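First up is the structure itself, then whatever we jot down about it.
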Amino acid sequence: MRADLIIVGAGMVGSTLALALEHAGLEIIVVDGSPLNVAPFDTCAPFEPRVSALSMASQRILQRLSAWPGVAARRVCPYGEMQVWDGSGTGSIHFSAASVHADVLGHIVENRVVQDALLERLHDSQIGLLPGARLEQLRHSGDDWLLTLADGRQLRTPLLVAADGANSAVRRLAGCATREWDYLHHAIVTSVRCEQPHRGTAWQRFTDDGPLAFLPLAGSPGEHWCSIVWSTVPTEAERLTALDDVAFCAELGRAFEERLGKVLHADRRLCIPLRQRHAKRYVEPGLALIGDAAHTIHPLAGQGVNLGMLDAAVLAEVLLHARERGERLEQMRVLSRFERRRMPHNLAMMAAMEGFQRLFQADPLALRLLRNVGLDMVDARAEAKALFVRQALGLSGDLPELAKA
Ligand SMILES: Cc1cc2nc3c(=O)[nH]c(=O)nc-3n(C[C@H](O)[C@H](O)[C@H](O)COP(=O)(O)OP(=O)(O)OC[C@H]3O[C@@H](n4cnc5c(N)ncnc54)[C@H](O)[C@@H]3O)c2cc1C
């Protein structure tokens, strides 16, 4: 089987790229190791433990690709405020959508919901979808890449896109170098029911061990649900994961200063080791890396999938322009335009998250003082805060057309 473009990975990022190129006149195949089924959505079903804070830019991209109605019809929770504070000091900062005349700062959505809304669109399109297709081998064959799947099937293409996530097989098999380091943090993620309403606010407390986020979820009337991301040192994460439900809820409530009252219930907990990874190059002849295959960052700012969706939208834009000009899409000349537009933006976001994480993990008194004073100073300056808010909305920098209003 041969295609003009093969995308490995039909996750949120790979599916976004495929749909953004739906009308490009290219023969596209998307391969994924999972079954790619879309199950009917049950609004009473427990929340998925993995959620994303989708930025305004990601929402616009999903709207343009007609996938947002599928998200909104399932389960989504808008938030208009963000409250961040230092648990071992007095500094705090408050952001609001109203400060930049926006309706919302973003939406908290279960990853499964975004994924299913995109898959629904993919199943209805002319794009070739190969479910249960795990890539195992990759090599050059003439001008093409030759992909061998776990079941022995072979595929060929002149242009391959790796959207196969943090442990990308494409990246490994193609020998792409990365810079990576352990954050020495694990994230515990789960959904919890609280005593008090979340008030459409994303909450983040920086503890001495790491950030703890309570992200608002759309619970049924009278029930107040949040998704939590509790980043802490591995030994502590293991201890917390092993606690029984009552003890876990009590510790979580204390760690969060019971800002939403007591934590009444916690769903199944996942414990995820956090690693920062960045590919030294996003492109080589006939190959591009996007999303987590190109970069993974600390979840404290909830930006991972937002960066990935912008990668997908920019790569699609670059390929569409090149096609209009009659250029060969697999050429470095073309693919480098994508890298030039996305790498500086992704690196800046990763550096900011790294700085934040170090600042909040630092123990010396001077640094503690600095972060408390710093938070209060930013909080007092409307224009500095608006800058942060625009960053969180994903509306700063070199935006692709799909993310523009
Ligand atoms: C605790 C935590 C909290 C987070 N919170 C947020 C947040 O609030 N906001 C946010 O923006 N981001 C967040 N992120 C990051 C976000 O989850 C990721 O950036 C996002 O899921 C990456 O999407 P992706 O499509 O690139 O990769 P993935 O979602 O990993 O998709 C990869 C796809 O490739 C397929 N695949 C893998 N290997 C193969 C193979 N060999 N052959 C074929 N197919 C293959 C998989 O089946 C999968 O479908 C968080 C991450 C963590 C760990």
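The values are calculated or read from the model by the stated rules, or taken from the named source; none is laboratory data. Quantities reported herein were computed from a predicted structural model and do not represent experimental measurements. Positions of Cβ are backbone-derived with ideal geometry, glycine not excepted, and every protein chain shown enters the neighbour counts. For accessibility, only protein heavy atoms count, side chains too; no ligands or nucleic acids. Shrake-Rupley method; radii C 1.70, N 1.55, O 1.52, S 1.80 Å.
Couple of notes before you dig in:
- Looking only at the stretch 169-198, and only at residues there that are touching a helix residue (DSSP H, G or I) at 6+ places or on another chain (Cβ under 8 Å) and assigned to a strand (DSSP E or B), the one that is modelled with the lowest pLDDT: Tyr183
- Taking the criterion of being of a type in the set (Lys, Arg) and farther than 15 Å from Met309 by Cβ, the residues of the stretch 61-75 that qualify are Arg74, Arg75.
- The listed residue being among the acidic types (Asp, Glu), open to solvent by 30 Å² or more (accessible area, probe 1.4 Å), in contact (Cβ under 8 Å) with a residue 40 or more places away in the chain and farther than 21 Å from Leu212 by Cβ, out of Glu48, Glu22, Glu81: Glu22
- Pair list, Cβ under 7 Å, 6 or more apart: the stretch 226-239 residue more than 14 Å from the ligand (Cβ to nearest atom), other residue not in a strand (DSSP E or B): Val233/Asp209; Glu236/Asp209
- Looking across the stretch 217-235, the residues that are over 30 Å from Asp182 (Cα atoms), touching a Phe, Trp or Tyr at 6+ places or on another chain (Cβ under 8 Å) and of a type in the set (Gly, Ala, Ser) come down to Ala218, Gly219.
- Qualifying positions in the stretch 117-144 - open to solvent by 10 Å² or more (accessible area, probe 1.4 Å) and not in a strand (DSSP E or B): Glu120, Arg121, His123, Asp124, Ser125, Gln126, Ile127, Pro131, Gly132, Arg134, Gly142, Asp143
- Residue satisfying condition, being modelled with pLDDT of 95 or more, within 18 Å of Ile228 (Cβ to Cβ), in contact with a helix residue (DSSP H, G or I) (Cβ under 7 Å, 6 or more places away or on another chain) and small (Gly, Ala, Ser), within set Ala266, Ala322, Ala312, Ala316: Ala266
- Some residue of the stretch 295-307 being closer than 20 Å to Gly175 by Cβ, part of a loop (DSSP other than H, G, I, E, B), β-branched (Val, Ile, Thr) and touching a residue at least 60 places away in the same chain (Cβ under 8 Å): no
- Of the strands (runs of 3 or more DSSP E) entirely within the stretch 199-267, those holding at least 3 residues that are open to solvent by 10 Å² or more (accessible area, probe 1.4 Å) and more than 13 Å from Gly87 (Cβ to Cβ) occupy 224-232, 263-266.
- For the stretch 145-165, a residue qualifies if it is hydrophobic (A, V, I, L, M, F, W, C) and open to solvent by 30 Å² or more (accessible area, probe 1.4 Å), and exactly one does: Ala150.
- Screening Arg341, Arg337 for residues that are out of contact with any Asp or Glu (no Cβ under 7 Å at 6 or more places or on another chain), at pLDDT 95 or above and open to solvent by 40 Å² or more (accessible area, probe 1.4 Å) leaves exactly one candidate, Arg337.
- Per the listing Leu118, Leu105, Leu65, the residue uniquely within 30 Å of Cys176 (Cα to Cα) and either modelled with pLDDT of 95 or more or hydrophobic (A, V, I, L, M, F, W, C) (or both) is Leu118.
- If you filter the stretch 152-168 down to residues that are of a type in the set (A, V, I, L, M) and outside any strand (DSSP E or B), you find that the one that is nearest to Val8 (Cα to Cα) is Ala163.
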